[in-house]
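Take a look at the structure set out below.
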Amino acid sequence: MRFRVDRIDNFALYLKMMAAGCPHQQVVIFPAARQKNGRIAYTHLTYQQLDELSDHVAQRLLECGFFPGMRTAFMVKPSLEFFVLSFALLKAGIVPVLVDPGIGLKNVRTCLAMADAEAFIGIPAAHIARHLFRWKGAGWKALLNIGYRHFPGTISYKSLLAPVENKQPLMNTVQEDTAAILFTSGSTGSPKPVVATHANFVSQLQIMRENLAIQPGEYDLCTYAPFALFAPALGLTTVIPDMNFSKPAEVDPWKIKEAIDDFGIRNMFGSPALMKTVSRCAEANNWQFPSLKRLISAGGPVHSDIIVSFLKSLSPEAEFFTAYGATEAMPVAMAESRQLLGEERLRHASGHGLCVGRLAAGLVKILRVSELPLSSLRNEDILGPYEIGEILVSGPHVTWGYYKMDAANELSKVRDENGTIYHRMGDVGYLDAEGKLWFCGRKSHRVQRSEGDLYSIPVEAVFDTHPLVARTALVGLGQGPDQIPCLCIESKRDLSAEEKTSLVKELKLIASRYKQTQSLDKFLFHPAFPVDIRHNAKIHRESLKLWAEGLLADR
């Protein structure tokens, strides 16, 4: 069963509609250079300019060897060209394959092979890597270079601005056609190619409109490249800050402040790591952002301390939203700061999981945890309120599957008795009596014991409140169902041996107060947790497990 959304057969039609309604509104503003006085000189495109230019580039791509349905590696940094090409590809029906270069050059090669990428569009650095590491060798059908440096065998972006000779139909797609191939972060395994249709994108846009009350004409600060696609469709003016998008945790907060102040930014979307870095600097320097009315964070859990810290810089009516979901289904639930900082915050600190809010769209069910593919959903396997199990989600925003990965599709998708497809999130959690969703961690991160499983988020939360603890990570030593729980600790500062001994005693006392932590007696200090590349937020517990097992084996 497939869901229907509003009759928009090509996501790029939203840009054309906006261009007709507000042709001279700026759609994207880019920092072109820094002047001698230290100020940034910006360049921009209006909605009409972006629409007309992307129409032209789409036509030229079709003349230069690209064709509808062609899977095309797209490795371009946020820029004016990024926006032009993104909408040109959509209009031409060419399928961008989006791979985060931060996952490592070897993994990029693997991802491009998994997606059967046929063409390549990239900045000079991407073409150098393509050549040096022989991504696909000489098997590319078309190569486009975004930059002034020439590469043999490539088409230059400048050449796309030449006159069109033979116009071809544009936006000749239907809702079920593939709009893009996106890759999961790979934070709990190898990245997987997710097939996103135009219907998926349209549904996601509608969900954002309904849940965030975003208004056309607002200025948006783009700190997360994938969100940039939705900003023009929402009628926003997107400001691109001076930052390295592949390393959000290392952002310069002063440059973020500069962009906010220059344009009176109203909307800002960022990863938890970026929000943490900016909020800390803002609080330390007593910054105020009166224009900001809406902060949105996704990609990993956002600690309540970050929200509290950021809210100190905002006006009373401003809101901090968190979105829960995955590349395969985004968003599933959304929560606002008032909800996160109320009773739900106390329940989180006492080990009841993390409230991720009310359902944003679709249906959610909680399934009894299983590692096996399921042919269908049985009523007896669906759990009731407050029972922890695997989170399932259905809806028009949920992608239908992975590209050419039958085994992964069988494991991640299941149908109910009506034929409705549900995506198995790979997360565990529960629904409360009011219908709010609570996140308890990744299914693969649970500690499997014969006396009952332990879940990462409820266990870690009770220790994260300690003033010397930056964060903790629960890992299971050995193999299930007889794993031994171990808590890895990242402290807020370097601790002496005596301080570590004292802290462990205090943490063991905390552990004795809660049923889910009473069995914990192994505590290890780690200098800096490994985290995912994309958001710098998800702890790579698989690496911590190997580290802990190795450390304890040497003792």
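A 1.4 Å probe, protein heavy atoms only, puts the accessible area of Met330 near 50 Å². Both radii were evaluated on the Cα set of the stretch 255-409; the Rg over Rh quotient, with Rh as the Kirkwood radius, amounts to 1.05. Across the stretch 85-121, the residues whose backbone nitrogen lies under 16 Å from the label position 7 Å along the beta-carbon direction of Asn409 are 114-116. Full extension of the chain segment joining Ile128 with Asp252 gains 41.9 nm, where the gain is 0.36 nm per residue of separation less the Cα-Cα distance.
The modelled label-to-label distance between Glu542 and Lys36, using points 7 Å beyond Cα along the C-beta direction, is 5.4 nm. Surface composition of the chain: carbon plus sulfur atoms hold 53% of the accessible area, using a 1.4 angstrom probe and ignoring ligands, DNA and RNA.
When both bridge partners sit in the stretch 1-128, DSSP labels roughly 50% of those beta bridges antiparallel.
Could you work out how far apart the two model spin labels at Ala349 and Lys167 are, taking each label as a point 7 Å from the Cα in the direction of the beta carbon, and quote it in nm? With each label point 7 Å from Cα toward Cβ, the separation is 6.4 nm. Computed over the stretch 438-555, the range of Cα coordinates on each principal axis works out to 36, 36, 36 Å, biggest value leading. Each Cα pair under 8 Å and six or more residues apart adds its separation to the average, and for the chain the resulting relative contact order is 11 percent.
Between Asp494 and Leu105, the modelled labels are 3.3 nm apart [label points 7 Å from Cα along Cα→Cβ]. Shown here for the stretch 21-125: trypsin sites (Lys or Arg not before Pro) in loop regions (DSSP other than H, G, I, E, B) with at most 11 other Cβ atoms within 10 Å, namely Lys36, Arg39. Here the Karplus curve 6.51 cos²θ - 1.76 cosθ + 1.60, taken at θ = phi - 60°, turns the phi angles of the stretch 421-435 into couplings of 8, 10, 9, 7, 5, x, 10, 10, x, 7, 9, 8, 5, 8, x Hz, with x standing for Gly and Pro. Charge dipole of the chain (Cα centre as origin; +1 on each Lys and Arg Cβ, -1 on each Asp and Glu Cβ, all else neutral): 920 debye, rounded to the nearest 20. Derived from the Cα gyration tensor, the three semi-axes of the equivalent ellipsoid of the chain are 40, 27, 24 Å, largest first.
With only Cα atoms counted, the stretch 200-282 has Rg and Dmax values of 12.8, 37 Å.
Three principal axis extents describe the C-alpha atoms of the stretch 398-458; from largest down they are 36, 29, 19 Å. Less than 5 angstrom separates the built amide H of Ile94 from those of Gly69, all sequence-distant by 5 or more or on a different chain.
So in the chain, what percent of DSSP beta bridges are antiparallel if you round to the nearest 5? Bridges in the chain are about 60 percent antiparallel. Label zone of Thr465 (point 7 Å out along Cα→Cβ, amide N under 19 Å): in the stretch 492-512 this covers 492, 503-512. Our summary of shape: the Cα atoms of the stretch 1-69 have principal axis extents of 59, 31, 25 Å, ordered from largest down, in whole angstrom.
Summarising the amide proton neighbourhood of Val28: residues at separation of 5 or more, or on other chains, whose placed amide H is nearer than 5 Å comprise Leu45, Thr238. In sequence order, the stretch 465-474 has phi-based couplings of 7, 5, x, 8, 9, 7, 6, 10, 9, 7 Hz under the Karplus curve 6.51 cos²θ - 1.76 cosθ + 1.60, θ = phi - 60°, and Gly or Pro positions carry x.
Selection among Ala19, Ile8, Leu45 by position relative to the dipole of the stretch 1-142 gives Leu45 as farthest towards the positive end (Cβ unit charges, Cα centre).
Count Lys and Arg as plus one, Asp and Glu as minus one, and take only other residues whose Cβ is under 11 Å from that of Asn409; the net charge is then +1. Rounded to 0.05, the FRET efficiency of the Glu283 and Phe525 pair, given R0 = 30 Å and the Cβ-Cβ distance, is 0.65. Using R0 = 56 Å, the C-beta based FRET efficiency linking Asp554 and Ala20 works out to 0.25. When every alpha-carbon pair in the stretch 115-230 is counted, what percent end up more than 17 Å apart? It works out to 73 percent of all Cα pairs.
Using the Cα gyration tensor of the stretch 17-149, with a ≥ b ≥ c the square roots of its eigenvalues, what is the shape: rounded (a/c below 1.5), prolate (a/b larger than b/c) or oblate (neither)? Judged from the Cα gyration tensor, the stretch 17-149 comes out oblate (a/c at least 1.5, b/c at or above a/b).
With R₀ fixed at 60 Å, the C-beta to C-beta distance from Glu434 to His150 puts the FRET efficiency at about 0.50. With θ taken as phi - 60° and the Karplus curve 6.51 cos²θ - 1.76 cosθ + 1.60 applied, the whole-hertz 3J(HN,Hα) list for the stretch 164-173 is 7, 9, 10, 5, 10, x, 10, 6, 8, 10 Hz, x standing for glycine and proline.
What does the C-alpha gyration tensor say about the overall shape of the stretch 350-445? Classify as rounded when a/c is under 1.5, otherwise prolate if a/b is larger than b/c, or oblate. Cα axes put the stretch 350-445 in the prolate bin. For a paramagnetic label modelled on Glu417 (point 7 Å from Cα along Cα→Cβ), amide N atoms under 12 Å away belong, within the stretch 366-383, to 377-381. On a per residue basis, the chain carries 43 Å² of accessible surface, using protein heavy atoms and a 1.4 Å probe.
The values are calculated or read from the model by the stated rules, or taken from the named source; none is laboratory data. A quick note: this is a predicted structure, and the numbers were derived from the prediction, not measured. Positions of Cβ are generated from backbone atoms using ideal geometry, with glycine treated the same way; all protein chains shown enter the neighbour counts. Areas reflect the complete protein model, heavy atoms only, side chains present, ligands, DNA and RNA absent. Shrake-Rupley method; radii C 1.70, N 1.55, O 1.52, S 1.80 Å.
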